[in-house]
Every structure is written in structure tokens, then in C-alpha cells.
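Below is one structure, written out as C-alpha cells, with a few remarks after it.
What follows is calculated from the coordinates using simple rules that are stated; it is not laboratory data. No experiment lies behind these values; they were computed from the predicted model shown. Note: ideal-geometry Cβ built from the backbone for every residue, glycine included; neighbour counts use all protein chains shown.
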Amino acid sequence: MSKFYTPKRKRNIFNPDDEKPFKLSRTKIDLFLECPRCFYIDRRLGVGRVPGFPFNLNSAVDTLLKKEFDYYRANNQNHPILEKHGIDARPASHRELDKWRENFTGIQYLHEPTNFIIFGAIDDLWANSNNEYIIVDYKSTSKNERITSVSLGWQIGYRRQMEIYQWLLRRNGYSVSNTGYFLYCNGQTDREMFNERLEFDITLIPYEGDDYWIEETIMKIHSCLISNQIPDPNDSCDFCAYCSAVEGVL
């Protein structure tokens with residue numbers, strides 16, 4: 001291994017000899033599916049990818065949406081957007097909702113075959129008339145075209161995200177609808193002036209989740225982490241290509 005992969009992080013590193021459960025987040029599962037090599041270097045060797053810039057505006061929209069839906073939840077009222085679209089759903093009350101929303105806590109499940117604690121933080125929870133929980137994920141962006149689906153190739157992470165949340169709730173014993181919703185806020189740039197106000201078009205996008213792939217993927221992740229062999233570089237990974245290019249000129 002190159003000296004440039006020397007582990008820097010001391011925490012959250014998988015040790016095959018450790019009997020304690022190892023926490024594995026929804027985002028790290030997605031990283032494995034994107035590039036097993038980058039995942040291994042991160043979770044086994046302690047060197048993560050260089051983090052991107054935080055999307056503070058997106059976080060602000062996320063926070064305000066949670067406050068808005070919590071207002072209707074606390075007053076036992078339905079949200080106008082659900083009534084507008086005739087959706088069989090209401091904001092659901094649950095004693096664990098605040099905990100499930102925390103980034104480093106989320107909703108958790110101990111996967112006994114691998115001794116992994118799988119976890120992820122949801123945005124919101126609705127319920128339908130069949131007493132099924134509905135996973136809701138907030139998204140915000142600014143595009144010229146109207147957003148009507150999450151079917152594009154680059155949105156596969158969104159779809160996996162929804163499915164992992166559905167899987168986690170089911171593993172915790174809850175009845176969960178296959179239909180989840182992406183509440184998409186699209187910032188508008190065609191207004192005449194800013195006037196200290198950013199306006200959004202809001203689209204409610206249903207998505208039929210299928211968590212068939214999750215169990216197999218968790219087992220593959222376990223096989224990857226207990227191995228002492230680093231996965232080969234991924235031809236479609238920009239990070240692998242960059243590291244190879246750097247090594248080639250040093």
C-alpha cells in the first residue's frame with residue numbers, strides 16, 4: 001500500500017477482531033455501492049474522501065420544513081400540500097421521531113449476521129389510513145426545469161436512501177408503506193428581483209421503494225471489511241482516478 005494511504009482517523013474504523021457492533025450509516029452503504037475501494041479505505045483504514053462543501057441553504061430549507069410539518073403535527077391538523085394533492089397521509093406523531101431525525105443517531109437496527117448497527121436519519125414521517133408509516137425525504141435545489149421524478153441515473157442515491165429508511169423501520173417492527181415521498185423544493189431564478197426573499201416551487205414526488213437489495217449488500221460489505229485485501233480501483237470513480245494519477249507523478 002502506498003504511504004499516502006496512512007490511516008489518519010482513530011475512530012469509526014472496522015476491526016475484524018472487535019466483538020462490539022460496528023455502526024454503519026446509510027451514507028456509507030451508498031459509498032460502498034459507489035466504490036468498494038473508497039469505502040474500504042475509509043471504514044477499514046481510516047482515511048475518508050475529502051468532504052465536500054456544506055449545503056447550508058439546503059439545511060435551512062430542511063430545518064424550516066421540519067418546523068412547518070411539526071406545527072401541523074402538534075395541532076393535529078393535516079398539511080395543506082397533502083390535502084391539495086389528495087394524498088392519503090397525515091404528519092405522524094411518534095415518541096422517537098426527534099431521535100430518528102438526529103444525524104449521528106437516526107433509526108437503528110442491529111443486523112446480527114454481520115454485527116453491524118445499520119442506521120440513518122429520516123426527515124419526516126407520515127401515516128396513511130391503513131396505519132402504515134410513510135417515509136418522507138426533503139430535497140432542495142434550483143433548476144430551470146420542473147422536477148417531477150427521481151428516476152434519473154444520478155438520483156439513484158435518493159432512491160436507495162428511501163429504501164434503506166423503509167427497511168430500517170420494517171426491521172424495527174413497524175408497518176411501512178412501499179410508497180414514500182420526496183418533497184422537492186426548487187428555488188426559482190426567474191423572479192424580477194431578490195427583495196430579501198427566495199421563492200420555491202414545491203413538488204411532491206411519490207416513489208415505490210423496493211428494499212430487496214439491502215440484505216445482500218450488507219453481507220457483501222461485511223465480506224469486504226473482514227478481508228485484508230483492498231478492493232481494486234474502480235474505473236468509474238473520480239477519487240480512484242485522482243489517487244492513481246497522483247501516484248503516477250510522485
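Look at the Cα gyration tensor of segment 104-149: its axes a ≥ b ≥ c give a/c of at least 1.5 with a/b at or below b/c, and that counts as oblate. Taking a sphere under 12 Å around the Cβ of Asn78 and counting the other residues whose Cβ falls inside, with K and R at +1 and D and E at -1, yields a net charge of +1.
In segment 70-138, one over the average inverse separation of all distinct C-alpha pairs is 13.4 Å, which is the Kirkwood hydrodynamic radius. Taking packing as the residue-averaged number of other Cβ atoms within 10 angstrom, the listed peptides 219-225, 164-170 run from highest to lowest as 164-170, 219-225. Computed extension length for Asn178-Ser223: 13.3 nm, one decimal, from 0.36 nm per residue of separation with the Cα-Cα distance subtracted. Write out the cysteines belonging to the chain for which the nearest other cysteine Cβ is not under 4.7 Å, or none if no such cysteine exists. Taking the Cβ cut-off of 4.7 Å, the unpaired cysteines of the chain are Cys185, Cys224, Cys243. Longest stretch of the chain clear of exposed loop sites (GluC sites (Glu not before Pro), DSSP loop, at most 13 other Cβ atoms within 10 Å, sites excluded): 20-95. Between Asn131, Leu82, Thr148, the Cα set farthest toward the positive side of the dipole of segment 54-170 (charges on each charged residue's Cβ, about the Cα centre) is that of Thr148. Classify segment 40-109 as rounded, prolate or oblate, taking a ≥ b ≥ c as the square roots of the eigenvalues of its Cα gyration tensor: rounded when a/c is under 1.5, otherwise prolate if a/b is larger than b/c and oblate if not. Taking the square roots of the gyration eigenvalues as a ≥ b ≥ c, segment 40-109 is prolate.
Treating the beta-carbon of each Lys and Arg as +1 and of each Asp and Glu as -1, no other charges, what is the dipole magnitude of the chain about its Cα centre, to the nearest 20 debye?
800
For the chain, the longest principal axis of the Cα atoms and the long axis of helix 156-171 meet at an angle of about 80 degrees. Only lysines eight or more places from Lys143 in sequence, or on another chain, were considered; those with a Cα closer than 30 Å are Lys28, Lys66, Lys67, Lys84. Out of every Cα pair in the chain, what percent are spaced more than 35 Å from each other? I get 23 percent for the Cα pairs in the chain exceeding 35 Å. Computed over neighbours whose Cβ is under 11 Å from that of Phe239, the net charge equals -1, Lys and Arg +1, Asp and Glu -1. Axis of helix 214-226 versus longest Cα principal axis of the chain: the two differ by about 30°, to the nearest ten degrees. The helix-only estimate of mean residue ellipticity at 222 nm for the chain, built from DSSP H runs of length n ≥ 4 each weighted as -39500 (n - 2.57), is -10500 deg cm²/dmol after division by the residue total.
Apply the a/c threshold of 1.5 to the C-alpha gyration tensor of segment 79-199 and tell me whether it is rounded, prolate or oblate. Verdict is prolate for segment 79-199.
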